[in-house]
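Here is the structure we will look at.
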Amino acid sequence: MRGRRRPPAAPLPQRDGIDAVRVRLPEDPEGLWATVGEHLAGRFGGAIGARVAGMLDAGRIVGADGTAVRGSEPYAAGRYLWFHRDFSPEEPVPFPVGVVYRDERIVVADKPHFLATMPRGRHITETAAARLRRELELPALQPAHRLDRLTAGLVLFVVRPEDRGAYQTLFRDRRVRKEYEALAPYDPDVALPRTVRSRIVKERGVLAAREEPGEANSESRVELVERRGGVGRYRLLPATGRTHQLRVHMNALGLPIVHDPLYPVVAEEGAPDDFSRPLQLLARVLEFADPVGGEPRRFDSGLRLSAWPVG
């Protein structure tokens with residue numbers, strides 16, 4: 001069976017760093033849809049169905065040549081259409097995205113706390129990917145991995161789509177050395193350094209992950225670097241990348257990371273971000289052999305954790 005042909009390039013430019021939605025009209029052997037408008041209204045009834053007619057009338061839905069599509073046009077299976085979604089207002093994250101390094105293949109960014117890495121869920125335009133596409137004028141920019149929204153620090157982005165797979169594979173195959181820094185309570189009874197291994201489970205729709213009995217699927221090295229009074233500065237070296245892994249492991253040691261809204265106690269869901277109390281967790285170092293050029297790479301974050309006591 002022949003593979004489906006490659007979709008044509010989008011005729012609409014990005015808006016606010018976000019690509020237009022691409023829709024392919026499916027086969028219709030039962031003849032359910034006489035017109036383009038009938039299909040779109042039914043297909044997106046739960047999302048934009050009520051606004052489809054207005055979008056068509058306003059010329060916001062276009063074909064491959066960029067020409068506005070009329071709702072009365074006959075339905076044609078296999079046809080591609082594009083449109084831009086309307087985004088709900090998002091609270092701006094009042095911190096810049098730093099650029100640690102940039103060349104023709106990659107951008108290494110210093111992501112601030114509270115900013116999601118990529119568009120998802122409630123966070124679309126207020127994301128590191130969308131901001132960098134706009135600010136650097138790199139519309140094809142994509143992250144090679146994800147850093148949790150509440151965690152600050154280094155994120156590797158890929159400039160050219162043809163290179164993305166090579167860099168994603170680095171992270172998938174655990175060929176990137178990651179070093180994190182965290183601030184947490186100091187407890188002389190917790191023997192460090194140590195390697196923590198456990199089974200972490202994260203259920204969809206549940207904010208916090210949990211540990212449960214069974215074969216370990218996560219591993220973190222925890223080292224105490226220094227302390228000031230009752231606060232310790234810790235170096236965290238994850239060997240795996242489970243959701244919230246470092247936060248879960250630190251909490252399990254009795255050393256919950258400062259300002260963590262989930263561990264050990266889950267904060268009220270939907271509460272607004274308190275920008276004055278960022279999670280004291282920082283992705284400080286990324287180190288790897290470049291999969292395209294072969295050269296060794298090391299990048300260090302320029303950010304600092306704000307809750308470290310003044311000496």
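For segment 159-196, residues that are of a type in the set (D, E, K, R) and over 30 Å from ASP290 (Cβ atoms) total 3.
Would you mind listing the strands (runs of 3 or more DSSP E) fully within segment 213-311 where at least 1 residues are buried (at least 21 other Cβ atoms within 10 Å of the Cβ) and free of Cβ contacts under 8 Å to residues at least 60 places away in the same chain?
On the way: elements: 218-228, 231-238, 281-289, 296-300.
Once the strands (runs of 3 or more DSSP E) in segment 213-311 are filtered for at least 1 residues that are buried (at least 21 other Cβ atoms within 10 Å of the Cβ) and free of Cβ contacts under 8 Å to residues at least 60 places away in the same chain, what remains is 218-228, 231-238.
Residue pairs whose Cβ atoms lie under 9 Å apart, separated by 6 or more positions or on different chains, with the first residue in segment 16-42 and without any contact (Cβ under 8 Å) to a residue 40 or more places away in the chain and the second hydroxyl-bearing (Ser, Thr, Tyr) and in a helix (DSSP H, G or I), do not occur. If you go through segment 51-84 and keep only what is surrounded by 13 or more Cβ atoms within 10 Å (Cβ to Cβ) and part of a loop (DSSP other than H, G, I, E, B), you end up with ARG60, ILE61, GLY63, ALA64, VAL69, ARG70, GLY71, GLU73, TYR75, ARG79, HIS84. Each residue in segment 100-146 was checked for being among the acidic types (Asp, Glu), surrounded by fewer than 17 Cβ atoms within 10 Å (Cβ to Cβ), in contact (Cβ under 8 Å) with a residue 24 or more places away in the chain and closer than 15 Å to ARG15 by Cα, and 1 of them qualify.
Any read-out appearing in this document is the output of simple, stated calculations on the displayed coordinates, not a laboratory observation. Predicted, not measured: the structure shown is a model, and the values here were computed from it. Cβ atoms come from the backbone with ideal geometry, glycine included; neighbour counts cover every protein chain shown.
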